[in-house]
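**Student:** Take this structure, written in structure tokens, and hold onto it; I'll ask about it next.
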Amino acid sequence: MPGSRDCGNWSSFEGGDAELVMRREGEFDGLSPMVELAVHRIVQEALTNVVRLSGARRAAVSLVRHDDRLTVEIANDGAGGGAGELPLGRGGFGLIGMRERAAAAGGGVEYGPVPGDGFLVRAWLPAERPETGA
């Protein structure tokens with residue numbers, strides 16, 4: 001994955017009518033398998049929330065690696081936000097799962113509504129493979 005490039009623009013993504021914009025910055029070689037899986041699942045869950053809960057027209061995914069830290073942000077402009085709660089009080093576990101995955105990989109997650117309409121999920125994860133005692 002070469003550094004600093006736009007990953008593309010799509011008119012929509014599976015299950016939704018929202019436009020998806022992706023951005024990647026930095027080198028992504030050498031991430032641990034656990035971090036790679038955490039990134040995949042966090043982005044997947046956040047986009048599922050966008051489709052199911054937010055009513056968003058746009059969603060943006062940003063992956064930025066700087067030194068030993070990888071930051072993942074998923075933002076949308078939906079009035080429903082995408083806070084992980086299903087209609088009619090049927091609560092979901094998506095945000096809890098994101099937090100647990102990030103913690104298991106040595107990172108963390110924060111999320112919440114943004115001023116105006118929209119919702120932001122931000123995760124930070126270690127970007128270096130743990131040292132092995134070889």
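Yes/no matrix, rows are residues, columns are (1) free of Cβ contacts under 8 Å to residues at least 12 places away in the same chain; (2) part of a helix (DSSP H, G or I); (3) more than 18 Å from Val114 (Cα to Cα); (4) more than 9 Å from the chain's Cα centre (by Cα):
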site	(1), (2), (3), (4)
Leu37	no, yes, yes, yes
Gln44	yes, yes, yes, no
Thr48	no, yes, yes, yes
Val72	no, no, no, no
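**Student:** Is there a residue in region 72-87 that is of a type in the set (A, V, I, L, M), at pLDDT below 85 and on the phi > 0 side of the Ramachandran plot?
**Tutor:** Filtering region 72-87 for residues of a type in the set (A, V, I, L, M) gives 72, 74-75, 79, 83, 86.
Subset that is at pLDDT below 85: 79, 83, 86.
Next, only the ones that are on the phi > 0 side of the Ramachandran plot stay: none.
No, because not a single residue in region 72-87 is of a type in the set (A, V, I, L, M), at pLDDT below 85 and on the phi > 0 side of the Ramachandran plot.
**Student:** Going by the structure shown, is Arg23 assigned to a strand (DSSP E or B), modelled with pLDDT of 90 or more and over 26 Å from Asp117 (Cα atoms)? Break it down into steps so the answer makes sense when it comes.
**Tutor:** Details: assigned to a strand (DSSP E or B): yes; modelled with pLDDT of 90 or more: yes; over 26 Å from Asp117 (Cα atoms): no.
So Arg23 does not fit the description; no.
The values are calculated or read from the model by the stated rules, or taken from the named source; none is laboratory data. What you see is a predicted model, and the numbers here were worked out from it, not measured in a lab. Positions of Cβ are generated from backbone atoms using ideal geometry, with glycine treated the same way; all protein chains shown enter the neighbour counts.
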